[in-house]
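The values are calculated or read from the model by the stated rules, or taken from the named source; none is laboratory data. All values derive from a computational prediction rather than experimental measurement. Cβ placement follows ideal geometry from the backbone for every residue including glycine, while neighbour counts extend to all protein chains displayed. For the accessible areas, the whole protein counts, side chains as well, though only heavy atoms, and no ligand, DNA or RNA atoms are used. Shrake-Rupley method; radii C 1.70, N 1.55, O 1.52, S 1.80 Å.
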Amino acid sequence: MLKRLAIGLAAACAFVAAQDSYDTIYNDIGSLPCVRLLNATGTIGCQSMDAATGVLFRTDTQDDIQQFASQGGLVSKYTVVMPYWLLTNANVDLLKSSHKLAAIIAVVNGTDPVYSPSARPTINISPDTTCPNCEFGLYSDNPNQYQWNPTGSGLLYSQFDFPIYALNTMDVRNTMSYNAVMQAANTNRFRGYNNFPLKALQFHAFMWAAQDAGTCLRKGWCTPVGGASVWATPSINITSTDNKPIVVISAAMDSRSLFHDLTMGVESSISSMVTLLAVAEALSRSSIPLDTMPNHILYTLFTAEAWGFSGSQRFVQDISTTIDCLKPNGASCTYPFYSDLDFERINPANIHAIIEAGQVGSLGPATPGTGSGPTLYAHIDNTQAAASTALLDQIVQVGSTVGNVTAAPNSTGTIQAANSDGVQRGLPPSSSMSFLKAQPQIPTVVVTDYQKEMSLLTSSDLDDSWDPVKTVNSIQLAASIISKTAWLQAQGVNNATMTPAQQQAIGSIQINGQLVSDLLYCLTQNYSCPLVNSYLNVTASPNPPTRLPHYTGTLYSQSQPFPIFAWSFLANMTRVQNATSPPVTGCSSNPLVVQCASDQYCVGDQCILTMTRYHDAFGVGIAMAEDNSYYIKDASKPVWVEATWDPIGLRLFDVTSPRSQKVELVVGVLLTALTIGLVVVSKRVIKKTLKTD
Amino acid sequence: MAKPIERMGSHEILVVSRKLFLGGFCLLPFLWVFNILYIWPVRNRPDLSPQVRRYLIMSGVLSIAMFVIFATWYGVFVDHRLNWGARGDTLTVVLVKGV
């Protein structure tokens with residue numbers, strides 16, 4: 001008994017001692033990695049086949065990086081810490097050619113002055129391509145298509161065979177990581193990088209991914225990049241045969257950047273998502289009920305748009321084909337998998353207009369010398385210009401009546417045709433392209449804040465902030481124009497032919513600036529804000545989420561906070577108003593007592609009837625087999641997948657100089673030899689002694 | 001304990017050598033190599049049947065042929081298995097992650 005206790009105690013002590021010595025040697029750090037992704041032809045992003053280790057080396061400027069690369073006398077491998085904006089293809093090549101690089105740490109936001117927003121370069125360079133996703137767009141066949149992001153560096157499409165991690169002081173945990181790494185890097189700098197012991201970081205970033213998307217999916221080491229799109233219509237009784245024209249109001253919900261945990265995309269996508277939600281809210285207050293109008297309104301919020309317009313292309317593909325359900329399961333279908341089949345009620349031939357919000361978060365400065373203020377731009381496809389001109393004229397006309405004094409003082413118009421300078425650039429990269437590929441005759445207008453070039457923050461990890469006045473005004477303006485135009489389209493009238501009742505009704509459509517501001521706050525800084533909380537009760541969780549990334553994630557394997565919120569919000573805005581009976585409440589706060597009817601949903605503690613649905617979004621080149629595995633069906637279409645990983649981690653520890661490491665090794669070998677010799681000798685001596693006895 | 005080869009009679013050696021030679025055709029090419037190594041010490045005994053010598057020579061030729069075939073296959077497999085797609089995966093026992 002005593003013996004067993006002793007053994008147990010010894011084991012416990014050994015474990016504690018091992019844990020203790022691990023903690024003394026290593027400091028595990030929270031991490032924001034760059035990961036590996038694959039498409040039909042190859043890989044992008046980061047991979048490291050073995051655990052990379054590098055002494056921390058701090059570089060604050062371009063000169064520092066050049067100096068590091070050319071500096072002699074540096075003996076080991078290094079983890080180079082640099083501001084995010086110095087992470088360029090040229091610098092990566094320079095560092096790699098020095099043969100001293102183990103890994104890179106890019107600081108996006110930090111408390112040190114060199115990382116402050118004011119230290120950022122005035123001109124950012126978008127890490128996306130010169131024409132994002134255009135290879136899957138409407139003009140993919142045109143080798144000379146217009147380049148919307150001419151300064152794009154294409155960094156996102158580079159392959160790195162070493163780890164790259166980000167640091168960002170966005171929350172407590174990440175600030176701790178930042179402090180630990182910066183403190184260590186500063187210690188090394190103080191020690192001149194040659195006075196050992198120095199601080200080193202070890203990285204584990206092994207990606208299982210292999211070759212290309214097809215191979216990786218076959219081996220089961222990848223998951224399709226994707227998520228859930230959301231569509232909603234106030235017309236609960238919409239059918240594919242009702243012959244009622246449909247007005248589509250569309251926006252994207254996700255964006256991309258090098259570090260998926262940091263992906264925000266305030267300008268890249270959040271501005272358009274907020275615009276759509278604000279439009280839905282304003283239209284829901286129309287004094288003429290939307291479901292009584294001659295035309296349907298359809299809101300579409302697509303996800304995985306940053307990945308070859310996967311969300312919109314899949315939606316258009318599904319509504320355009322008759323679904324042949326081989327294994328039906330009530331209202332859904334098990335194979336091919338569809339969680340519901342209500343999208344079949346949307347007849348693409350009935351779509352009569354598409355109005356899309358693109359990047360609308362930052363109105364540019366006023367055009368000097370023209371007397372006109374900053375304006376939004378309405379883009380149309382030139383090949384179908386005739387069909388779209390009426391819609392374009394209407395949106396410009398609406399813009400001239402909206403008048404937004406704060407955004408555009410003394411302006412003559414608040415939106416103008418993007419081709420008003422006589423150059424036909426066609427549509428910028430947008431979800432509308434997916435519709436036009438299937439139905440080229442649909443009148444389509446894409447509203448953006450740029451005429452010729454996308455934002456320099458497109459797909460950048462720095463696209464994470466907004467201005468409480470400028471951004472809100474800009475979105476408010478775009479939402480006002482879109483909501484009024486959509487309202488006129490749904491009524492099938494224009495400004496000149498409106499009846500007095502209609503004129504009064506359209507006057508009731510006002511964008512709520514506070515809502516725009518709240519939405520921006522909730523979607524960028526704090527998911528546990530009162531607005532989201534009123535729908536989803538997120539603060540009830542033990543760790544209420546704050547800033548959440550806007551990377552779409554991998555299909556079915558991650559929670560989809562923004563689609564869930566967008567669904568709840570749109571469900572509430574498109575709910576069927578029943579004047580005779582008040583809504584049933586308590587379905588969320590008291591679920592055991594109050595249960596909603598089978599055709600109703602519980603949204604914000606109320607049972608409501610709504611035609612708001614999710615729609616799976618992943619590359620249309622990928623299909624799901626009957627055994628739930630994925631395969632490549634058409635490699636010419638988007639097929640983005642993300643690699644499965646081994647656990648990713650960073651740990652900080654002290655390294656001694658290479659010389660003392662050699663001494664340690666030699667001493668160890670000598671000690672082992674000595675021990676073996678001693679054992680042999682003593683064995684002989686004992687044998688001899690025992691024999692003589 | 002088996003009898004050492006030196007103490008075996010010539011007929012016994014002939015039987016062993018034939019068994020090993022024929023056994024090699026049951027997808028056990030190492031038996032041919034073993035045949036040569038096993039009989040080697042007594043290969044020049046005058047009382048040995050000339051049949052044994054023939055078995056040894058054929059075992060040698062076949063084992064070298066198998067070595068060449070295996071080595072070539074291995075080289076081709078390692079070099080091309082990733083390009084063979086699904087078939088390459090089926091032929092691989094343990095798939096190597098990351099490639």
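Interface burial in region A:177-222, defined as at least 20 Å² less accessible area with all protein chains than with the chain alone at a 1.4 Å probe, covers A:Phe206, A:Trp208, A:Gln211, A:Arg218, A:Lys219, A:Trp221. The contact residues of region B:63-91, meaning those that lose at least 20 Å² of 1.4 Å-probe accessible area when all protein chains sit together rather than their chain alone, are B:Leu82, B:Ala86, B:Asp89. Label-to-label distance, A:Asn195 versus A:Ser629, with points set 7 angstrom from Cα along the beta-carbon direction: 5.9 nm. Look at the alpha carbon pairs under 8 Å that are at least 6 residues apart: their mean separation over the length of region B:8-91 gives a relative contact order of 30 percent.
Cross-link partners for B:Lys3 among the aspartates and glutamates, with Cα-Cα distance under 19 Å and sequence neighbours closer than 8 places in the same chain left out: B:Glu12, B:Asp47.
So what is the diffusion coefficient of region B:8-91 in µm² per second by Stokes-Einstein at 4 °C and 1.567 mPa s, using a Kirkwood Rh over Cα pairs? Taking Rh from Cα pairs, D becomes 89 µm²/s.
Checked against a 25 Å cut-off, the cross-linked pairs A:Lys244/A:Lys437; A:Lys199/B:Lys97; A:Lys244/A:Lys484; A:Lys219/A:Lys437; A:Lys244/A:Lys327; A:Lys219/A:Lys633 give Cα-Cα distances beyond that limit for A:Lys199/B:Lys97; A:Lys219/A:Lys437; A:Lys244/A:Lys327. Out of all DSSP beta bridges with both ends in the protein assembly as shown, state the antiparallel percent to the nearest 5. Given both bridge residues lie in the protein assembly as shown, the antiparallel proportion sits at roughly 60 percent. Ignoring ligands, DNA and RNA, please state the percent of accessible area on the protein assembly as shown from carbon and sulfur, probe 1.4 Å. Solvent-exposed carbon and sulfur of the protein assembly as shown make up 59 percent of the total.
The share of C-alpha pairs in region A:47-141 whose separation exceeds 15 Å stands at 66 percent. Under the combined filter of DSSP loop state and at most 16 neighbouring Cβ atoms within 10 Å, region A:30-119 retains none of its trypsin sites (Lys or Arg not before Pro).
Only helices enter this figure: runs of n ≥ 4 DSSP H residues, each worth -39500 (n - 2.57), summed and divided by the residues of chain A, yield -10000 deg cm²/dmol at 222 nm to the nearest 500.
Between chain B and chain A, the total buried accessible area stands at approximately 900 Å², from heavy atoms with a 1.4 Å probe. Here the protein assembly as shown is treated as a Stokes sphere of Kirkwood radius computed over C-alpha pairs; at 37 °C and 0.692 mPa s its diffusion coefficient rounds to 106 µm²/s. Here the relative contact order of chain A, from alpha carbon pairs under 8 Å that lie six or more residues apart, stands at 21 percent. Per-residue ellipticity at 222 nm from helix content only, as computed over chain B with -39500 (n - 2.57) for each DSSP H run of at least four residues, stands at -20000 deg cm²/dmol. Here r is the Cβ-Cβ distance between A:Gln67 and A:Asp467 and R0 is 35 Å; the resulting FRET efficiency, rounded to 0.05, is 0.45. Per residue, the accessible area of the protein assembly as shown comes to 47 Å², computed with a 1.4 Å probe over protein heavy atoms only. For A:Lys470, a cut-off of 20 angstrom between C-alpha atoms picks up these aspartates and glutamates, skipping any fewer than 8 places away in its own chain: A:Glu267, A:Asp449, A:Glu453, A:Asp518. Using a basic spin-label model with each label point 7 Å from the Cα along Cα→Cβ, how many nm lie between B:Val96 and B:Ile69? In this crude label model, B:Val96 to B:Ile69 measures out at 2.6 nm. Here the spin labels are modelled as points 7 Å beyond Cα on the Cα-Cβ line, and at A:Leu74 and B:Leu82 they lie 2.9 nm apart.
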